[in-house]
């Protein structure tokens, strides 16, 4: 019984932390505009990733950086009226189109298909998602 009394608050706090972390649309009621991730090596702080968010709290852009500060890659996210991500467009370090992924949803709003295209518009891959319920 003593173990249960100790574990319950720990489990409860983990659930709360996971839930709050997953939302990441606001902090203390304020909308997030950007999230910067820094790498610290030998006391030197270098920007490793920058994510930008729209007024709805959706991530619209993610930029990853090399350790020298130059852009490694950039991904732009587009959403439909329901707030679902419908395209992810990836660019290389020179902002040249590398890949575009189009995402489709089923009638329940769950991802059902992802089609990835190369820079020339040729299909690179197709992934379908099947949901099996009880």
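Here are the numbers for the structure shown:
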quantity: Checklist (1) within 30 Å of residue 132 (Cβ to Cβ); (2) modelled with pLDDT under 95 applied to residue 54, failing item; calculated: (1)
quantity: Residue in the stretch 19-31 that is modelled with pLDDT under 95, under 30 Å from residue 131 (Cβ atoms), surrounded by fewer than 14 Cβ atoms within 10 Å (Cβ to Cβ) and in contact with a strand residue (DSSP E or B) (Cβ under 9 Å, 6 or more places away or on another chain) present; calculated: yes
quantity: Qualifying residue in the stretch 96-117 (condition: more than 30 Å from residue 132 (Cα to Cα), loosely packed, with under 14 Cβ neighbours inside 10 Å, in contact with a strand residue (DSSP E or B) (Cβ under 9 Å, 6 or more places away or on another chain) and modelled with pLDDT of 95 or more); calculated: no
quantity: Criterion violated by residue 15 - all others in (1) under 30 Å from residue 105 (Cα atoms); (2) assigned to a strand (DSSP E or B); (3) modelled with pLDDT under 95 satisfied; calculated: (2)
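The values are calculated or read from the model by the stated rules, or taken from the named source; none is laboratory data. On a predicted model such as this, the values are computed, not experimentally measured, just so you know. Every residue, glycine among them, receives a Cβ derived from its backbone with ideal geometry; neighbour counts consider all protein chains shown.
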